[in-house]
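Heads up: the structure comes next, in structure tokens.
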Amino acid sequence: MMWLGVLIALLGAFGYAGGAALQQYEAVHGGATLKLIRRPRWLIGGVIGFAGASLHAVALSFAPLVLIQPVSVTTLVFAVPLAAVLHGRRPRRAEVLGSIAVSAGLLGLMLLIPPTAKPPELSTPAALAFLGVVAGVALACEIATRRFRGGVSRALLLSIGAGAVTASVSTFVRVVGGGLGGDWSRLVHWFTLAIPVLLVCAVVLLQRSYAVGHFGIAYATVQVVDPVTSVLAGAVLLGEPLPSGAGAVLPALLSAAVLIAGTVTLGRLAPDTAAAAPAGPPDVPLPAPVSSRAGAS
């Protein structure tokens with residue numbers, strides 16, 4: 001059953017990556033505003049991304065976080081070149097190499113984590129504490145973006161917040177889906193209601209990070225922060241195992257070095273910027289900050 005979950009997660013990850021590339025194109029050209037919902041390509045990207053996220057949720061019902069989350073990393077090598085094609089240019093060599101390096105480094109880290117079939121259990125106090133930490137991270141990133149003017153810094157900070165909130169979605173989905181055990185009445189819980197609220201918060205932060213134009217660094221950062229936070233949540237909150245022993249230290253350090261090198265490479269790339277927009281009434285900005293919503297969930 002665990003390998004079925006991996007296969008479903010892989011299909012979902014490709015859908016999520018394709019949807020993200022479409023939405024980033026529209027966010028760059030239309031701005032991270034409410035007018036995005038009137039753009040057909042952005043809506044199509046949302047549908048594709050939602051389908052991918054849904055498959056990811058299904059996969060989490062078959063396998064633990066530490067096994068499913070790394071699967072999404074492999075789509076970075078697909079999402080970044082696709083975004084370049086949508087912007088009417090060929091993928092840069094640095095984009096391809098950086099994407100491969102980030103994917104390889106994070107995949108190496110994730111593969112060191114042993115799988116487990118232990119049913120997930122999460123208490124309400126622990127869940128509230130987790131949401132508080134996630135809300136704090138998102139709020140700190142939101143405040144920090146107002147102090148930085150550089151595009152890379154803004155894309156990085158917004159995507160860190162988005163990745164943390166996305167990880168909270170994955171964690172709650174794992175708890176709800178993995179804890180059903182055939183008893184659908186267990187869906188009647190505030191954990192289930194928290195999932196869509198957190199998802200909306202993550203989408204808002206993602207669109208704002210995409211609109212900066214540095215899709216490579218934004219998408220890569222989310223792909224790093226999301227699984228790392230999910231793995232930590234799985235270990236701390238759900239009792240899922242982490243790697244141990246001296247034999248895991250050297251591969252972990254090597255994987256981390258490759259991951260950092262790839263992230264730095266992506267961060268040095270020039271952004272994809274939109275052509276000057278025609279004069280017209282000002283757009284209504286997307287709501288910010290969103291972290292308070294996550295905390296209130």
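We did not get these values from a lab; they are worked out from the coordinates using the rules stated. Quick caveat, the model's predicted, so the values are computed rather than measured. Cβ atoms come from the backbone with ideal geometry, glycine included; neighbour counts cover every protein chain shown.
Rounded to the nearest 0.05, the FRET efficiency derived from the C-beta distance between LEU34 and VAL249 at R0 = 51 Å is 0.60. Sorted largest first, the principal axis extents computed over the alpha-carbon atoms of region 1-134 equal 47, 34, 28 Å. Taking a sphere under 15 Å around the Cβ of VAL77 and counting the other residues whose Cβ falls inside, with K and R at +1 and D and E at -1, yields a net charge of +1. The loop-placed chymotrypsin sites (Phe, Trp or Tyr not before Pro) in region 116-203, going by DSSP, that have at most 13 neighbouring Cβ atoms within 10 Å of their Cβ come out as PHE148.
Can you compute log10 of I(q)/I(0) for region 87-246 with the Debye formula, treating each Cα as one identical point scatterer, at q = 0.12, 0.20 Å⁻¹? At q = 0.12, 0.20 Å⁻¹ the computed log10 ratios are -0.60, -1.28. Expressed in units of 2.2 N^0.38 Å, where N is the residue count, the Cα radius of gyration of region 117-211 is 1.24. Can you figure out the FRET efficiency of ALA129 with ARG41, using R₀ = 45 Å and their beta-carbon distance, to the nearest 0.05? Approximately 0.70, to the nearest 0.05.
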